[in-house]
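All remarks here apply to the structure that follows.
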Amino acid sequence: MSTAATERAADAAASAPQPLTMAGALNAALRDAMEADDRVVVYGEDVGPLGGVFRVTDGLQARFGDERVWDSPLAESGIVGTAVGMAMYGLRPVVEMQFDAFSYPAFEQIVSHVAKMRNRTKGHVSLPMVIRIPCAGAIGGVEHHSDSSEAYWAATPGLTVVMPSNPADAYSMLREAIESDDPVVFMEPKSRYWSKATLELPVRTEPMDRAQVVREGSDVTLIGYGPTVRTALDAAAAAEAEGLSIEVVDLRSLSPFDDETVGASVRKTSRAAVIHEAAQFGGYGAEVAARLTERNFFHLAAPILRITGWDIPYPSPKLEEHHLPTPDRVLDALASWEWDLA
């Protein structure tokens, strides 16, 4: 077989459908983005030879060299601040915060500069950069390693905030985020890193600013994102045995919010509940519930519910199973409504 034929065969094998974890899908998205655009650079804590704590950047430095993939100092504010300068001068940096709560030292950079640069310069300066944040719990990590910080970023105008729940979306949404000319906070639910799907790459799913109905139903809409989409699907499967038809919506994008898709589902079922791991008070679900109520009030048969983590700092690994929303907690919450299914 000729060299050209061998290369074609290798390319065909690489693109053939294969089982891929979410971590593997993210790794493939970074690799393909870097192959497609030499302005893309990747850096953060331990992302080089180690390949990241969750191996999302595994093999990238060996492939692209240490001028495009490198380890940064343990200084999140510096990581994001240097990315601002790189993006202003034409690069497309993708930086990793390693763990959700590690991103807080960079809060001022993200809120005061990343989010505001386009507005501050009257549209003359854009920041094509991605801030990857592994987030949420259910991995047996302690408090600084299991936070859910999405409400902070979603409440900041100027940021696009997305969170995939499955490998296909992880690949597609990260490619789209890197191609965006505006900053994207790309949140990666750690408990879903090892979830698998058979994919043929490259794959493009729905645009990253669109929600998606992942299970059709008629009685109630369960709204989840990231790790709680699986919770919602498991609750819907259990409810089916009891004669309750549940529709599940994966938000995918937290900001902007897809009013069209989510609102259509809520008007169809007339009942809704939001599930997230973060604390309930001031959590992202409060905005979702208020927004849907304001826009769909006369279609609602009951108040919109929130099934969330408790209003406490993230507990120890031994207690996290009591903190996180479960299918049983979801079904118990739905049972609190008055139902007339006749």
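Counting only heavy atoms of the protein chains, get the accessible area per residue of the chain (1.4 Å probe) and round it to a whole Å² value.
I get 44 Å² per residue for this part.
Obtain the nm distance between the two label points defined at residue 66 and residue 107 by a simple spin-label model: each point lies 7 Å from its Cα along the Cα-to-C-beta direction.
Taking the two extended label points, one gets 3.4 nm.
Give me the number: length gained by fully extending residue 321 to residue 290, i.e. 0.36 nm times residue separation minus the C-alpha to C-alpha distance, one decimal in nm.
8.4 nm
If each residue of separation counts as 0.36 nm, what is the full-extension length gain between residue 82 and residue 194 once their alpha-carbon separation is subtracted?
37.2 nm
Within the range 227-274, report the GluC sites (Glu not before Pro) that DSSP leaves as loop and that have at most 15 other Cβ atoms within 10 Å.
Numbers: sites: 240, 242, 247, 260; in loops: 242.
Within the range 227-274, the qualifying GluC sites (Glu not before Pro) (loop, at most 15 other Cβ atoms within 10 Å) are 242.
With r as the distance between the Cβ atoms of residue 18 and residue 75 and R0 = 30 Å, compute the FRET efficiency 1/(1 + (r/R0)^6) and round to 0.05.
0.20
Take every Cα pair under 8 Å in the chain that's 6+ residues apart, average their separations, divide by the length, and report that relative contact order as a whole percent.
Relative contact order for the chain comes out at 15 percent.
Which of the peptides 128-137, 248-257 is most tightly packed, and how do the rest follow, going by the mean number of other Cβ atoms within 10 Å of each residue?
Per-residue mean Cβ counts within 10 Å order the peptides as 128-137, 248-257.
Given the convex hull of the Cα atoms of the chain, what is a quarter of its surface area in nm²? Numbers along the way, then the final one.
Details: hull surface 77.1 nm².
With the hull built on Cα positions only, its mean projection is 19.3 nm².
Taking Cα atoms, how many degrees apart are the long axis of helix 259-269 and the longest axis of the chain, rounded to 10 and kept between 0 and 90?
30 degrees
Straight-line reach from residue 196: which lysines have Cα under 30 Å away, leaving out those fewer than 8 places along the same chain?
By straight Cα distance, residue 196 reaches 318.
Can you list residues from other chains, or at least 5 along the same chain, whose modelled amide H is less than 5 Å from the amide H of residue 274?
Under 5 Å from the amide H of residue 274 lie the amide H atoms of 223, 305, 306, 307, each far enough along the sequence or on another chain.
With +1 on the Cβ of every Lys and Arg and -1 on the Cβ of every Asp and Glu, and nothing else charged, how large is the dipole of the range 168-316 about its Cα centre, in debye rounded to the nearest 20? Present the calculation step by step, with values, prior to reporting the outcome.
Numbers: 15 positive and 23 negative charges, 58 e Å.
Rounded to the nearest 20 debye, it is 280 debye.
The values are calculated or read from the model by the stated rules, or taken from the named source; none is laboratory data. Predicted, not measured: the structure shown is a model, and the values here were computed from it. Glycine also receives a Cβ, built like all others from the backbone with ideal geometry; neighbour counts cover every protein chain displayed. We work out accessible area using only protein heavy atoms, side chains counted, and drop any ligands, DNA or RNA first. Shrake-Rupley method; radii C 1.70, N 1.55, O 1.52, S 1.80 Å.
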